[in-house]
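Worksheet: one structure, shown below.
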């Protein structure tokens, strides 16, 4: 069945379109990695100044900002991993194939969300669980 699904992808996507998707994903990875470095820098600089003579409101605000930066960093790392996984699927020839039912994922879905690994029907089933 895997050979059938791999032949479905090229008919849906031209090599040029796949290259454009790959470039878009790589560009997003580069931007996210820059964001991660910025957030990590802000987290590190917050640790140095936190606490010395702060009242409760200042300490609370700094804690909130630090937690926010950590959450943003974790989010960005997750998106980088999803993008890298999508690029690996492009390279393997399995991009655009649902990982659950092995049918093609709609081209419109992938244009809107290029990291999608499930078709709409399988994603809806997953969300109901």
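Looking at the range 52-109 only, could you name the residues that are on the phi < 0 side of the Ramachandran plot, touching a strand residue (DSSP E or B) at 6+ places or on another chain (Cβ under 8 Å) and assigned to a loop (DSSP other than H, G, I, E, B)?
Matches in the range 52-109: 98, 103, 105.
Does any residue of the range 86-102 turn out to be farther than 25 Å from residue 19 by Cβ and surrounded by 15 or more Cβ atoms within 10 Å (Cβ to Cβ)?
No, there is no match, as no residue in the range 86-102 is farther than 25 Å from residue 19 by Cβ and surrounded by 15 or more Cβ atoms within 10 Å (Cβ to Cβ).
So, in the range 110-129, exactly how many residues are assigned to a helix (DSSP H, G or I) and under 18 Å from residue 26 (Cα atoms)?
3
If you go through the range 25-44, how many residues are surrounded by fewer than 12 Cβ atoms within 10 Å (Cβ to Cβ) and either at pLDDT below 90 or in contact with a strand residue (DSSP E or B) (Cβ under 6 Å, 6 or more places away or on another chain) (or both)?
Matching residues across the range 25-44 total 2.
In this structure, does residue 22 turn out to be assigned to a helix (DSSP H, G or I), surrounded by 14 or more Cβ atoms within 10 Å (Cβ to Cβ), modelled with pLDDT of 90 or more and in contact with a helix residue (DSSP H, G or I) (Cβ under 8 Å, 6 or more places away or on another chain)?
yes
The values are calculated or read from the model by the stated rules, or taken from the named source; none is laboratory data. The model shown is predicted, which means the values in this text are computed figures rather than measured ones. Heads up, the Cβs are rebuilt from the backbone with ideal geometry, glycines too, and the neighbour counts pull from every protein chain shown.
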